[in-house]
């Protein structure tokens, strides 16, 4: 099993996204997987020019940017992998511009004039299955704890999965990043919930290496709330401002106590 993680954080290897990728891949490596991380912040990924030269003359032609940036190298690594991890922080309620720029370059690898039906029955066009249709996991990080914060990215990749015929084999959402100290070991050592979360990430990696997907139970442990409030994920959906203000006060106390 070859697993490729694409780190789309603007902070690159300095961010919480990188920290969580490593927890996930630690488990995968322990289970025998060959793992690699591509850090987009370290690369030159130019935006698609929408020139349509790749489709000139009714043919699929090389992209005009071929050899002028690092996109071809990333695509080659993706094609060689058995499973992709798309890892992105939330920036203005969406995936990072680095990841979106990379994915938009798929256009130059697809024959958009060759209309087809996807396996799920959607009208689309040819895609390079070796690149676009790999099983994948989404790993989303954010500081905010509202369910709406990662919603657009979750929706994006669920739609991506259906149009690209790419199996979505796990959804990891780690909110409350600031409460977690963004991987600060001193914070982790004092908090049993964080220890459970990171253990679940390692278990998720093992499951990916052994079974090709993350179980629901492991995913739930990895995505659990960090606030020590019973039924917090349910209660935070209630439309009571006073209750949310109490949660906010509790979060502030919790953060100060542990940092």
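The values are calculated or read from the model by the stated rules, or taken from the named source; none is laboratory data. Everything quoted here is computed from the prediction, not taken from an experiment. Positions of Cβ are generated from backbone atoms using ideal geometry, with glycine treated the same way; all protein chains shown enter the neighbour counts.
Among the residues of segment 136-152, those that are modelled with pLDDT of 95 or more and crowded, with 18+ Cβ neighbours inside 10 Å comprise 136, 137, 138, 139, 140, 141, 142, 150.
The one condition from (1) modelled with pLDDT of 95 or more; (2) over 30 Å from residue 65 (Cβ atoms) that residue 191 does not meet is (1).
When residue 196 is tested against the conditions (1) buried (at least 19 other Cβ atoms within 10 Å of the Cβ); (2) over 21 Å from residue 83 (Cβ atoms); (3) modelled with pLDDT of 95 or more, the lone failure is (1). Checked against (1) assigned to a helix (DSSP H, G or I); (2) modelled with pLDDT of 75 or more, residue 242 passes all but condition (2).
Filtered by the rule that a residue be without any contact (Cβ under 8 Å) to a residue 40 or more places away in the chain and within 17 Å of residue 158 (Cα to Cα), segment 75-102 gives a lone residue, 100. Strands (runs of 3 or more DSSP E) fully within segment 111-215 that include at least 2 residues being under 24 Å from residue 98 (Cα atoms): 136-141, 168-174. For segment 121-141, a residue qualifies if it is in contact with a strand residue (DSSP E or B) (Cβ under 7 Å, 6 or more places away or on another chain) and farther than 23 Å from residue 3 by Cβ, and the qualifying residues are 123, 124, 125, 126. Listed by position, the strands (runs of 3 or more DSSP E) enclosed by segment 1-106 that each have at least 2 residues that are modelled with pLDDT of 95 or more and surrounded by fewer than 16 Cβ atoms within 10 Å (Cβ to Cβ) are 34-39.
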